[in-house]
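Okay, structure first, notes after.
Where a number appears in this text, it was derived from the coordinates with a stated rule and is not lab data. Since the structure is predicted, the reported quantities are computational estimates derived from the model, not experimental observations. Counting neighbours? That spans all protein chains shown, and the Cβs are built from the backbone with ideal geometry, glycine included.
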Amino acid sequence: MKIGVLGTGYVGGALGRRLAEAGHDVQFGSRDPQSEKASALLSNCPAGVEVTSWAQAAVHGDVVFLAIPWSSVQGAISELGDTISGKTLVDCTNPLNDTFSGLDLGFTTSAAEEIAGWAPQSHVVKAFNTVSASAMADPIFEGKKAAVFYCGDDENSLKSVCQLATDLDFEPIAAGPLLNARYLEPFAMLYIHLAMNGWGSNCAFQMLTRSKPS
C-alpha cells in the first residue's frame, strides 16, 4: 500500500520504518523535512523512503497515519484540507493533558471522533494507540504477538488497517465502531500509567481465549 506517516517521532518513526520494511511504499511528513531528526530517521529506513511535508505525505498515502501530538492535530487537519478526503486516516494519538497524568477527552467523546468531525470526508480508524513505540519496533514477546485494537465505521478502511497490523506482526483485534475509541483511549491511559510506574515500555496487552467445553 501507499502509506503517508505524519510525524517522525518515536511512534511515527517506528511505524513508518517497519511498514517500509514490510514492503509498503512509505513517505513521512514532517514540519521540517531537512532536519537532523528526519535525516537520522531515514538512515534507519529502507532505500526509497522519503521525508517530505505533511501535505505531500498525505497526498502520497492511500492510508495516512496521524502520529503527531494531540495538541497539533486540529491544526494539521485544517492545513491538510482536501488532501485527506476519501482516504483512510489512522488515528494513533491519545488526547493526553500537559502533564501526561490524564486525558483531555473521554467517555462522552474521543480524539478519534473529534478528528472525524474535523475531517468528515476521511475514513477515520482508531489504532496503534495502546502500544508503545518499543512494541511497534518489536511486537513479539516470548513468541507471542502483542494485540493492536482498532475501531472505525468504514469496512474497507478497517480491512486495510487490519492487514497493516498483520503485516507488522501484531494480533489485530477488531473493537467495533469508531465510538468505541472512547474506551480505547482511556485503555491507553492505563497502559501509560503502567509503563511509567514500573513496567516500562517493553510491555504490551494481549487477548487470551480458550475453547468452549464440549
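Numbers at a glance
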| read-out | value |
| --- | --- |
| Subset of the range 1-36 [part of a helix (DSSP H, G or I), surrounded by fewer than 16 Cβ atoms within 10 Å (Cβ to Cβ) and charged (D, E, K, R)] | GLU21, GLU36 |
| Of residues in the range 140-158 being more than 15 Å from the chain's Cα centre (by Cα) and not acidic (Asp, Glu), the one surrounded by the most Cβ atoms within 10 Å (Cβ to Cβ) | LYS145 |
| Every pair of residues 6+ apart whose Cβ atoms lie under 8 Å, when the first sits in the range 178-197 and is surrounded by fewer than 18 Cβ atoms within 10 Å (Cβ to Cβ) while the second is in a helix (DSSP H, G or I) | LEU179/GLU113 |
| Count of residues meeting criterion [under 11 Å from VAL131 (Cα atoms), assigned to a loop (DSSP other than H, G, I, E, B) and out of contact with any helix residue (DSSP H, G or I) (no Cβ under 6 Å at 6 or more places or on another chain)] in the range 195-209 | 3 |
| Verdict on PRO95 being closer than 19 Å to ALA133 by Cα and surrounded by fewer than 18 Cβ atoms within 10 Å (Cβ to Cβ) | no |
| Only one of GLY16, GLY12, GLY29, GLY7 that is farther than 14 Å from ALA133 by Cβ and not aliphatic (A, V, I, L, M) | GLY29 |
| Options ALA133, ALA137, ALA112; residue that is among the small types (Gly, Ala, Ser), surrounded by 23 or more Cβ atoms within 10 Å (Cβ to Cβ) and either closer than 17 Å to VAL64 by Cα or under 14 Å from the mean Cα position of the chain (by Cα) (or both) | ALA112 |
